[in-house]
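Below is one structure, written out as structure tokens, with a few remarks after it.
The values are calculated or read from the model by the stated rules, or taken from the named source; none is laboratory data. Quick caveat: nothing in here was measured; it's all calculated off a predicted structure. Cβ atoms come from the backbone with ideal geometry, glycine included; neighbour counts cover every protein chain shown.
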Amino acid sequence: MAIERSARPLARCLRCTRNAHPRAFSASATSRLDTQPTPSESESAARPPPPPSDIPKARRDPNTVSTPAAERQLFRDQKIHPIGSRRRRAAIASTGTIPFSQLPYQCFQEARAFLQEDRKEKVQLVEQQRERIAKLKAKEVAPQDEAHKELRLESMKTRLAELKVMADINDPVVKRKFEDGEGDMTKPIYRYLADKKWRSYKREVLLQRIHQMNIIPDVLPVLDPIVSTKLTFAGKKVQHGDVVSSLTSAKPPTLNTQAYEQGTKLYTIAVVNSDVPNVEKDGYEYRCHFLACNIPLSPTNTLVPFDRLKADQVILPWLPPYAQKGLPYQRMSIIILAQPPVERTENSPSQPLDVAGIKDAGRYAERRNFIMKSFADRFALKPVGVDLFRTVWDEFTADVMRRAGVPGWDVEFKRKRVEPLPYQRKGSERYR
């Protein structure tokens, strides 16, 4: 009892303290709200508006971004790619407006002086090789030695081209211009660098596509690409082997070629479908969708718009690719063939083909059953480039075929059902 009487004042105190806290908090909060002054209309009008939430982000310079994070932010915010190499952009950001060849780095300037001395030696070798070639051309030989003379001249000219490349291969200014896309393709060094870059990756991808999709040997038995290509439909780039919508491919494409040999030459371009079904033979045949000859191309003249070629160059105009319903994808091969030279010399012009004669002959002026190998052998054409895309049946194919006047838009191919063999019960003797 004594303990209970002594604990009652403590419990009473705790009970009062627990009940007093909520009252004190509510009273203090109410008093603070009541004591805040209400702003007048003049004060609210004079107060500046809050800052906007969408503050424009700082724009990055594509010439000076030099880190991967900055490059990603540049493309994400401004939708543009950096200009030139990362090394060049870092140099511009750290040196301001100083020219690249005058960067204030002692090691860099010493290396440039050494490379300039090496270039002078290579230039002297170039002049000596030119003199040797001129002397050999002026030298008279017997008729039986004329072939040997031409062989020596070809070998010396090859060596001369190598010396021209070696004279500028180590120049940092040349490398900077090539990395920035400012190279002059009329010079051997820039053609060499562009060819080396193409062969390092893009040519390997192209070879993989044409072998994986059996362009070789279905269209041509042998093909060694030495001309790079880029295909676009209405400004949209198409990678090698991509599936293109029939509505997109209804209009003629543009082929951007890049030749790495000096001079302007004539080429023939053909577009062949190698998966055309033949119901009568229960197999496949070929169909030519485009054929044009005497197209001049050079390292600087690279664009070939199919719809802007002259009438005397086109043998078969563009036919929209299509695949009928029920069929798998069909391969569209774009073959670039070099026309033969007039003479067997280095700078001999290409021999033009008689387009009117080809049309009158009729054999290669028909789209159906167009044999690419036979056409190349008939006119001594050499395959030097290739590109390809695929076409499938889609919701636009029927309309495209109707507009092009192609029959068969309402035909659907179905696989023939293979009936199983009748069941035959074996004799019971074999199971004993």
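General observations
- Every listed requirement among (1) part of a helix (DSSP H, G or I); (2) under 22 Å from THR264 (Cβ atoms); (3) at pLDDT below 90 is met by VAL173 save one, (2).
- Screening HIS240, HIS211 for residues that are surrounded by fewer than 19 Cβ atoms within 10 Å (Cβ to Cβ) and under 23 Å from LEU327 (Cα atoms) leaves exactly one candidate, HIS211.
- Residue, nearest to ILE295 (Cα to Cα), within the range 345-370, restricted to residues that are among the aliphatic types (A, V, I, L, M) and surrounded by fewer than 14 Cβ atoms within 10 Å (Cβ to Cβ): ALA356
- The range 382-395: number of residues that are of a type outside the set (Asp, Glu) and farther than 21 Å from VAL272 by Cα: 0
Every residue, every condition in (1) buried (at least 18 other Cβ atoms within 10 Å of the Cβ); (2) at pLDDT 95 or above, yes or no:
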| position | (1), (2) |
| --- | --- |
| LEU206 | yes, yes |
| PRO217 | no, no |
| PRO221 | no, no |
| VAL227 | yes, yes |
| LYS236 | no, no |
| SER246 | yes, no |
| LEU255 | yes, yes |
| THR264 | no, no |
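- Strands (runs of 3 or more DSSP E) fully within the range 301-417 counting 1 or more residues that are farther than 25 Å from ILE210 by Cα: 314-316
- Test: residue in the range 371-388 that is surrounded by 15 or more Cβ atoms within 10 Å (Cβ to Cβ), over 30 Å from GLN262 (Cα atoms) and assigned by TED's automatic domain parsing to the domain that holds VAL304: yes
- Qualifying residue in the range 143-166 (condition: closer than 22 Å to ILE336 by Cα and either buried (at least 16 other Cβ atoms within 10 Å of the Cβ) or of a type in the set (A, V, I, L, M) (or both)): no
Conditions (1) among the charged types (D, E, K, R); (2) modelled with pLDDT of 90 or more, marked per residue:
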{"residue": "ARG89", "(1), (2)": "yes, no"}
{"residue": "PHE100", "(1), (2)": "no, no"}
{"residue": "LEU115", "(1), (2)": "no, no"}
{"residue": "LYS120", "(1), (2)": "yes, yes"}
{"residue": "GLN128", "(1), (2)": "no, yes"}
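- Candidates PRO296, PRO328, PRO349, PRO317 - the one that is in the same structural domain as PRO383 (by TED's automatic domain parsing), within 21 Å of ILE226 (Cα to Cα) and either more than 25 Å from the chain's Cα centre (by Cα) or at pLDDT below 90 (or both): PRO349
- Scanning the range 321-340 for residues that are in contact with a Lys or Arg (Cβ under 8 Å, 6 or more places away or on another chain) and not hydrophobic (A, V, I, L, M, F, W, C) yields GLY326, TYR329, GLN330, ARG331, GLN339, PRO340.
- Screening LEU206 on (1) outside the structural domain of PHE114 (by TED's automatic domain parsing); (2) without any contact (Cβ under 8 Å) to a residue 24 or more places away in the chain; (3) at negative phi shows it passes everything except condition (2).
- When the range 34-87 is filtered for residues that are of a type in the set (Lys, Arg) and at pLDDT below 80, the ones remaining, listed by number, are ARG47, LYS57, ARG87.
- Note on the range 267-286: residues that are at pLDDT 95 or above and either basic (Lys, Arg) or more than 29 Å from PRO407 (Cα to Cα) (or both) amount to 1.
- So GLU280, is it over 25 Å from the mean Cα position of the chain (by Cα), in a strand (DSSP E or B) and surrounded by fewer than 18 Cβ atoms within 10 Å (Cβ to Cβ): no
- Taking the range 212-235 as the range and being out of contact with any Lys or Arg (no Cβ under 8 Å at 6 or more places or on another chain) and within 18 Å of GLN339 (Cα to Cα) as the test, the residues that pass are VAL222, LEU223, ASP224, ILE226, VAL227, THR229.
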